[in-house]
Amino acid sequence: VVQELENSDLAESPEKITDEEGYASSALQYDVHLPHGGAQEFYYVVFSEDAKEKTLSFPGRRQLKEWFSDSFDHSVKYWKKMLNSVEISIPEKEIVEATKASLAYILLNREGVKFQSGPRNYKISRMRDGEEMSAAVLRMGIVDIVKDYIDLMSSLQYPNGMVPFYVKGKDNEIPDWS
């Protein structure tokens, strides 16, 4: 996709862009001319897979800047709360930053209440990985999302006590061999 964009004349929007590898999410092009010292604002809303079935209402054009500012502030407060849920007081700030980055990675890769080991093509939640991520999240003082995960997985427990190796998708598909 990048190569196709680099080689094309972007003065006119291409009618079709092909992504043989399946990695592209979107491409945007704007024809903007600004005078010296000028400015133009652009606002983007990106939905996660979990948000596909939710409805989002946008304000009128005059309230758009305030709406985005409020939404951004809400997101910043959420992430600060999650990443600062436990105070880590050690001299090595790099370790603190790496720990918080790992927590963010765990939280960002969740699908609903399920923990997943990676983004995009890793669309299953393995019990083994979820258990390890739950332990890490609990050590950071976050209990509620682990409780939600345990509630889901225990609801899928077999009569003999076994829990599925993994579940997949929004419908929590369980493989036949599990």
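Say whether the condition of being in contact (Cβ under 8 Å) with a residue 12 or more places away in the chain, within 28 Å of K81 (Cβ to Cβ) and within 19 Å of the chain's Cα centre (by Cα) is met by at least one residue in segment 148-162. Yes, because at least one residue in segment 148-162 is in contact (Cβ under 8 Å) with a residue 12 or more places away in the chain, within 28 Å of K81 (Cβ to Cβ) and within 19 Å of the chain's Cα centre (by Cα). Here's a check for you: in segment 86-111, which residue that is open to solvent by 40 Å² or more (accessible area, probe 1.4 Å) and of a type in the set (G, A, S) is nearest to L156 (Cα to Cα)? Step by step, filter segment 86-111, then rank; the result is S102. Looking across segment 122-133, the residues that are part of a helix (DSSP H, G or I) and more than 17 Å from the chain's Cα centre (by Cα) come down to M127, R128, D129, E131, E132. Within the bounds of segment 56-78, is there any residue that is part of a loop (DSSP other than H, G, I, E, B), among the basic types (K, R) and modelled with pLDDT under 90? There is no residue in segment 56-78 that is part of a loop (DSSP other than H, G, I, E, B), among the basic types (K, R) and modelled with pLDDT under 90. Just so you know, in segment 33-46 the residues that are loosely packed, with under 10 Cβ neighbours inside 10 Å and under 33 Å from the mean Cα position of the chain (by Cα) include one that is modelled with the highest pLDDT, and it is A39.
The values are calculated or read from the model by the stated rules, or taken from the named source; none is laboratory data. These numbers were taken from a predicted model, which means no experiment stands behind them. Ideal geometry is used to build each Cβ from the backbone, glycine not excepted, and the neighbour counts take in all protein chains shown. Note: accessible area is taken over every heavy atom of the protein model, side chains too, but ligands, DNA and RNA are not part of it. Shrake-Rupley method; radii C 1.70, N 1.55, O 1.52, S 1.80 Å.
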